[in-house]
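Here the structure is laid out as structure tokens; the discussion comes afterwards.
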There are 2 protein chains.
Amino acid sequence: MSHRFFVDEDVGDQVVLSGDQARQIANVLRLVAGDQITLVRNGLESVVALEAVDASTVRGRCVRKQTAGAEPRVQLTLALPLLKGERSEEVIEAVTQLGVSTIVPFVSARSVVRTLSAAKRERWTRIARESAETARRGRVPTIAAIAEWPALFERLVAPVIVPWEGEALKTLAEVLTPPLSTLSLVIGPEGGIGPEEIQLAWDRGATTVTLGTRNLRSETAAIAAVAQVMAILDR
Amino acid sequence: MSHRFFVDEDVGDQVVLSGDQARQIANVLRLVAGDQITLVRNGLESVVALEAVDASTVRGRCVRKQTAGAEPRVQLTLALPLLKGERSEEVIEAVTQLGVSTIVPFVSARSVVRTLSAAKRERWTRIARESAETARRGRVPTIAAIAEWPALFERLVAPVIVPWEGEALKTLAEVLTPPLSTLSLVIGPEGGIGPEEIQLAWDRGATTVTLGTRNLRSETAAIAAVAQVMAILDR
């Protein structure tokens, strides 16, 4: 399987890559003229035969275009509380592999971490891009700007599902009926979701579900919920 | 909800704790006579009213015993390849919260990391214990001794399921029919599972499944597969 790179512009017949991608192709992967790479943009894969490779410029010719086969049928938005330390990065990596389309970082009343620096958001975007390449996806998930709990619900595409420890009965399998083209999942912060917050979520039409009887940390809940959603909706 | 501690002996009417647990109760949690804690062993919870607290000895009286409510119906064994860096620890934490009973670390032909020191296995056992407390479980998962690929299949309880990138059709939901009292899941190493290895797994009766079209890292595959198994079998 050829190496994959996301690109920011549409791919024409003749391809020129520079910067980090040229350096990686020439110096890290040590590819040469005749090798093939795959350039990916907006769900479309362009297979490119390399014609000239050096560390500053890589030239090639597009030999085939095809739809990326690994994009899920559902556009899943994950609202993820800011987590301590490296925990957010682990989640972004895992849920990108599993197929999320958009990640909306948020803070709520009980959030411990409350700010997201521009540098950190940029780092998360880079992690999402690298994880999407590893997963052989056709799109890079968007890391959205940070939201606060009430405004969060105005930015989420319906239906909105909130795994919540106070919900004893309804499971994801029971509330999700395929096919669904969009879905939003809201994961609670470490301190939990407060009663007024859950009331606001219900008022905005959200459905609460249980992820089971065991108490999950936010990062485990996020990965487990996304895995379950994809198993149900992307078959 | 009261603080939980796993203990290594059955709990009688009178309770005496010492060592780390006494120190944590007295100095970290700052509990006092009259407070309640929960001692957990082999799926049984003993609610204990504290009568005397100091950093070397904590004394109390058992006021109630109950079955732990958060143990899954299925005894799930997870065969987990040794992973680089802290990746194994992240997986042990997450899958303990999600409900695994036993973790069997293993190496196979393409494994990059090939040894597990006694110190590391002890550290993993401690992580499993702490994660089981956080998750409010009734049992601590066992971290088994390391296995090699062929011998691995002699140690796994049937049925044995292997998520594998070469399997295009069968999903976990299709091959698992509740109720099941035992199940083993085998996660491939970073380098993948080789053709002779998958043949051996089939020869020993294992079933291969797909986790979807996206290429998952081992740690994501482990957490996602355990989450799906619990959603299907622990309802």
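The values are calculated or read from the model by the stated rules, or taken from the named source; none is laboratory data. Here the structure is a predicted model, which is why all the values come from computation and not from measurement. Ideal geometry is used to build each Cβ from the backbone, glycine not excepted, and the neighbour counts take in all protein chains shown.
Scanning region B:103-115 for residues that are under 22 Å from B:P159 (Cα atoms) and of a type in the set (F, W, Y) turns up at least one hit. One residue stands out in region B:190-206 among those that are under 26 Å from B:R87 (Cα atoms) and surrounded by fewer than 14 Cβ atoms within 10 Å (Cβ to Cβ): the one that is farthest from the chain's Cα centre (by Cα), namely B:P195.
Here's the yes/no breakdown for (1) hydrophobic (A, V, I, L, M, F, W, C); (2) more than 14 Å from chain B (Cβ to nearest Cβ):
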{"site": "A:A144", "(1), (2)": "yes, yes"}
{"site": "A:P150", "(1), (2)": "no, yes"}
{"site": "A:A168", "(1), (2)": "yes, no"}
{"site": "A:L172", "(1), (2)": "yes, no"}
{"site": "A:T182", "(1), (2)": "no, yes"}
{"site": "A:T208", "(1), (2)": "no, yes"}
{"site": "A:T213", "(1), (2)": "no, no"}
{"site": "A:A224", "(1), (2)": "yes, no"}
{"site": "A:A227", "(1), (2)": "yes, no"}
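The residues listed here are B:A52, B:A33; of these, the one that is at pLDDT 95 or above, among the small types (G, A, S) and part of a loop (DSSP other than H, G, I, E, B) is B:A33.
When B:P195, B:P178 are screened for being more than 11 Å from chain A (Cβ to nearest Cβ) and touching a helix residue (DSSP H, G or I) at 6+ places or on another chain (Cβ under 6 Å), only B:P178 passes. Give me the residue from region B:85-142 that is touching a helix residue (DSSP H, G or I) at 6+ places or on another chain (Cβ under 7 Å) and away from chain A (no Cβ under 14 Å) and, out of that set, farthest from B:N42 (Cα to Cα). Checking each candidate, the answer is B:A109. Selection of helices (runs of 4 or more DSSP H) fully inside region A:75-183 by the criterion of at least 1 residues being modelled with pLDDT of 95 or more and of a type in the set (S, T, N, Q) returns A:87-98, A:118-134.
To keep it simple, each residue is scored yes or no on (1) farther than 30 Å from B:I161 by Cβ; (2) assigned by TED's automatic domain parsing to the domain that holds B:L180; (3) under 22 Å from the mean Cα position of the chain (by Cα).
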| position | (1), (2), (3) |
| --- | --- |
| B:E9 | yes, no, yes |
| B:V15 | yes, no, no |
| B:Q36 | yes, no, no |
| B:E51 | yes, no, no |
| B:L80 | no, yes, yes |
| B:T102 | no, yes, yes |
| B:S111 | no, yes, yes |
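Tell me, yes or no, whether region B:132-147 has at least one residue that is more than 13 Å from B:P81 (Cα to Cα) and among the acidic types (D, E). Yes, that holds for at least one residue. Using the structure shown, decide if A:A201 is at pLDDT 95 or above, under 13 Å from B:L98 (Cα atoms) and either within 14 Å of chain B (Cβ to nearest Cβ) or not in a loop (DSSP other than H, G, I, E, B) (or both). No. The residues of region A:145-186 that are among the aliphatic types (A, V, I, L, M), in contact with a Pro (Cβ under 9 Å, 6 or more places away or on another chain) and surrounded by fewer than 18 Cβ atoms within 10 Å (Cβ to Cβ), listed by number, are A:A145, A:I146, A:V175, A:L180. Among the residues making up region B:62-77, those that are over 21 Å from A:R214 (Cβ atoms) and loosely packed, with under 13 Cβ neighbours inside 10 Å are B:V63, B:R64.
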